[in-house]
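**Q** Questions regarding the structure given below will be posed in turn.
The values are calculated or read from the model by the stated rules, or taken from the named source; none is laboratory data. The structure displayed is predicted, hence computed values, not measured ones. All Cβ positions, even for glycine, are placed from backbone atoms using ideal geometry, and neighbour counts span all protein chains on display. These accessible areas exclude ligands, DNA and RNA; they are computed on the full protein's heavy atoms, side chains included. Shrake-Rupley method; radii C 1.70, N 1.55, O 1.52, S 1.80 Å.
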Amino acid sequence: MSLSGQTINLRALEPEDLQFLYQIENNESFWEISHTQTPFSKYILKQYLENAHLDIYEAKQLRLLIEEKSTKKQIGMIDLFDFNPQHKRAGIGILIHPKFQKNGFASEALSLLIKYSFSHLDLHQLFANITTDNLKSISLFSKHQFKKIGIKKDWIFSEGKFKDEVLFQLIKD
């Protein structure tokens, strides 16, 4: 299976993921990276899960749950967004629940999604938008050969101040 690694699986969202999704989407510390300003109700998230089966070509996005193989625990999510089959590109976003960070899960998930994107979706490039103060993400994407190609000045307004955002890009060899 192309979405299975040594310690994790990337899998489609299931109805039983509602509580995990609810915790993540309503954690205000994640709102900056998800560009969210309001909480989500369980009703809205349940509707989202009911439509999660939509094909990436229809929805223009794909959200996969990151699951620890040995325990089947939900540990995070990884997304392809702004999927553009015409130009063969998509953005990547990743979130690991804080209690599961620093275990290599994000790196393994990113590696699996890169391979999947280039081989199965025939993408030519992937990109990531990361605020300049998110050193963990900058390190993660740099480790996977994403190149810093530009800075968007004052791009994100968070906690009363503007932050710059770095645009990273990985082009298929």
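**Q** Show me the strands (runs of 3 or more DSSP E) entirely contained within segment 76-173 in which 3 or more residues are within 22 Å of E14 (Cβ to Cβ), at pLDDT 95 or above and open to solvent by 40 Å² or more (accessible area, probe 1.4 Å).
**A** Details: elements: 89-96, 125-131, 147-158, 161-171.
In segment 76-173, no matching strands (runs of 3 or more DSSP E) lie anywhere.
Residues checked against (1) closer than 14 Å to S137 by Cα; (2) not β-branched (V, I, T):
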position	(1), (2)
D55	no, yes
I78	yes, no
P85	no, yes
A109	yes, yes
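**Q** Separate question: Out of everything in segment 1-18 that is in contact with a Leu (Cβ under 8 Å, 6 or more places away or on another chain) and not in a strand (DSSP E or B), what residue ends up being surrounded by the fewest Cβ atoms within 10 Å (Cβ to Cβ)? Walk me through it before giving the result.
**A** Quick first cut of segment 1-18, residues in contact with a Leu (Cβ under 8 Å, 6 or more places away or on another chain) only: 2-5, 8-15, 17-18.
With not in a strand (DSSP E or B) added as a condition, the list becomes 2-3, 5, 13-15, 17-18.
Values: S2: 11, L3: 18, G5: 19, L13: 20, E14: 11, P15: 9, D17: 20, L18: 15.
Within segment 1-18, the match that is surrounded by the fewest Cβ atoms within 10 Å (Cβ to Cβ) is P15.
**Q** Does segment 23-38 contain any residue that is of a type in the set (D, E), modelled with pLDDT of 70 or more and in a helix (DSSP H, G or I)? Break it down into steps so the answer makes sense when it comes.
**A** If we filter segment 23-38 for residues that are of a type in the set (D, E), which is where we start, we get 25, 28, 32.
Now restrict to residues that are modelled with pLDDT of 70 or more: 25.
If we keep only those that are in a helix (DSSP H, G or I) as well, we get 25.
Yes, segment 23-38 contains at least one residue that is of a type in the set (D, E), modelled with pLDDT of 70 or more and in a helix (DSSP H, G or I).
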